[in-house]
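What follows is a short report on a single structure.
The values are calculated or read from the model by the stated rules, or taken from the named source; none is laboratory data. Treat the numbers as computed from the prediction; the structure is a model and nothing was measured. All Cβ positions, glycine included, derive from the backbone under ideal geometry; neighbour counts span all protein chains shown. The protein model used for the area step is the full one, side chains on, heavy atoms only, and it has no ligands, DNA or RNA in it. Shrake-Rupley method; radii C 1.70, N 1.55, O 1.52, S 1.80 Å.
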Amino acid sequence: MALEGIHHITAVTGDAQANVDFYAGVMGLRMIKQTVNFDDPSAYHLYFADEIASTGAALTFFEYPGAAPGLPGAGMVHTIIWRVASADALDFWKARLRDAEMSVLHEGDTLTFCDPEGLAYQLVVDDTDEPPLSATASDVPAEFALRGFGGVRAYAQQPEDSAELLTALGFEADGGARSWVVGGEQRSATLAYDEPPLDAARPGAGTVHHVAWSAADDEELGLCIGEARGAGAQPTGIIDRQYFHSIYFREPSGVLFEIATRDVGFTVDEPLDQLGMSLRLPEQYEQHREQIELNLTALVNPRASS
Ligand code: ZN
């Protein structure tokens, strides 16, 4: 078993259009899918990624219109790490984010900022030899584009509690129980735990809902179910998510993990050049399309007009 780093990361937004404007507009990602939360079809599920809709670059949002801002605390991912190619790319993003009137902290080879709803990011210079997963945006030079996820940082009271489970899933400790790396032949990602703030965790807009790690197929999910159970977690069975198959469980520090497969993909229901242009629904909701569309705010995809 070798999980290939991160498959996707899912967060919560209170405003789908503002979310699209920031991620597809400012950050230059490609919106690759407009669908609904399969567990609650009244809510959008929007996907952003690189040009060819790779796992490893897929950032997704559930929209709950007007959702109150959340606050990450113990048991939640608090920061998402994106790779960029160079120190020049950090300078580019620093200027671009400041032009968008966002505050940015540049320390060494790391740029830290929050999205408009407070979700924290770090851009780091990519020191791996893994293929970049970048989108094409007319106003982001290719050499500065985001290159996919580097990892996540979470809050945990006692990260050593997670060590057995992480080890069972193939994560390797990188100098103690606070810092981990997981990877296969193509791609890797880091997981780090930080001391939680005093305030209790408050899920809501601008917080991460779960992080999904990348498995090949159902066979590997089956192995993960066995390993997770063996380490005391309670994984779900395999769930069909249309674009991948998934299992979910909380790891001992409280972070909601998903493990999702790479064997289906985002082009299963629309061709690559049309990804993200219209609302896609899984079969079980297609008969309710009219009602679902009435409930959702129509979105403007910046690519549709360019
Ligand atoms: Zn997910």
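Would you kindly identify the strands (runs of 3 or more DSSP E) lying entirely within segment 1-57 that contain at least 2 residues that are out of contact with any Cys (no Cβ under 6 Å at 6 or more places or on another chain) and closer than 19 Å to R96 by Cβ?
Of the strands (runs of 3 or more DSSP E) lying wholly inside segment 1-57, those with at least 2 residues that are out of contact with any Cys (no Cβ under 6 Å at 6 or more places or on another chain) and closer than 19 Å to R96 by Cβ span 30-37.
When you scan segment 67-90, how many residues do you find that are closer than 25 Å to A200 by Cβ and either part of a strand (DSSP E or B) or without any contact (Cβ under 8 Å) to a residue 40 or more places away in the chain (or both)?
Going through segment 67-90 one residue at a time, the tally reaches 7.
With E130, E220 as the choices, which residue is open to solvent by less than 50 Å² (accessible area, probe 1.4 Å), within 20 Å of the chain's Cα centre (by Cα) and among the acidic types (D, E)?
Exactly one residue qualifies, and that residue is E130.
Taking W93 and the conditions (1) closer than 17 Å to G206 by Cα; (2) surrounded by 22 or more Cβ atoms within 10 Å (Cβ to Cβ); (3) aromatic (F, W, Y), which numbered condition does it fall short on, given that it satisfies the others?
(1)
Considering only segment 251-300, state which residues are buried (at least 17 other Cβ atoms within 10 Å of the Cβ), in contact with a helix residue (DSSP H, G or I) (Cβ under 7 Å, 6 or more places away or on another chain) and assigned to a loop (DSSP other than H, G, I, E, B).
If the condition is that a residue be buried (at least 17 other Cβ atoms within 10 Å of the Cβ), in contact with a helix residue (DSSP H, G or I) (Cβ under 7 Å, 6 or more places away or on another chain) and assigned to a loop (DSSP other than H, G, I, E, B), then E251, P252, S253, L281, L299 are the ones that fit.
Go through (1) open to solvent by 70 Å² or more (accessible area, probe 1.4 Å); (2) touching an Asp or Glu at 6+ places or on another chain (Cβ under 9 Å); (3) part of a strand (DSSP E or B) for H210 and report which single condition fails.
Result: H210 fails condition (1) only.
Residue by residue, here is whether (1) open to solvent by 10 Å² or more (accessible area, probe 1.4 Å); (2) touching a Pro at 6+ places or on another chain (Cβ under 9 Å); (3) under 24 Å from H245 (Cβ atoms) holds:
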position	(1), (2), (3)
E4	yes, no, yes
V12	yes, yes, yes
M27	no, no, no
I32	no, no, yes
N37	yes, no, yes
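Residue-wise test of (1) away from the ligand (no atom under 16 Å from the Cβ); (2) more than 22 Å from S179 (Cβ to Cβ).
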position: G25; (1), (2): yes, yes
position: F38; (1), (2): no, yes
position: A49; (1), (2): no, yes
position: G73; (1), (2): yes, no
position: A89; (1), (2): yes, yes
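Only one of these is among the charged types (D, E, K, R), out of contact with any Lys or Arg (no Cβ under 6 Å at 6 or more places or on another chain) and within 16 Å of the ligand (Cβ to nearest atom): E107, E101, E4, E63. Name it.
Residue meeting the stated conditions: E63.
Every residue in segment 39-69 that is open to solvent by 10 Å² or more (accessible area, probe 1.4 Å) and small (G, A, S), please.
S42, A53, S54, G66, A67, A68
Please determine, by comparing only the residues of segment 20-59 that are in contact (Cβ under 8 Å) with a residue 60 or more places away in the chain and among the polar types (S, T, N, Q), which one is nearest to L294 (Cα to Cα).
Among residues in segment 20-59 that are in contact (Cβ under 8 Å) with a residue 60 or more places away in the chain and among the polar types (S, T, N, Q), the one nearest to L294 (Cα to Cα) is S42.
Among the numbered conditions (1) touching a helix residue (DSSP H, G or I) at 6+ places or on another chain (Cβ under 9 Å); (2) buried (at least 22 other Cβ atoms within 10 Å of the Cβ), tell me where P72 comes up short.
For P72, the exception is condition (1).
Does segment 223-239 contain any residue that is part of a strand (DSSP E or B) and either within 14 Å of the ligand (Cβ to nearest atom) or more than 25 Å from Y44 (Cβ to Cβ) (or both)?
Yes, because at least one residue in segment 223-239 is part of a strand (DSSP E or B) and either within 14 Å of the ligand (Cβ to nearest atom) or more than 25 Å from Y44 (Cβ to Cβ) (or both).
Restricting the search to segment 249-268, which residues are over 13 Å from T10 (Cα atoms), of a type outside the set (A, V, I, L, M, F, W, C) and within 13 Å of the ligand (Cβ to nearest atom)?
The answer is T261, and nothing else.
Name the residue that is most open to solvent (accessible area, probe 1.4 Å), counting only residues in segment 226-236 that are touching a strand residue (DSSP E or B) at 6+ places or on another chain (Cβ under 7 Å) and not aliphatic (A, V, I, L, M).
Q234
Could you list, in sequence order, the residues of segment 193-207 that are within 23 Å of G150 (Cα to Cα) and in a strand (DSSP E or B)?
Across segment 193-207, the qualifying residues are Y193, D194, A205.
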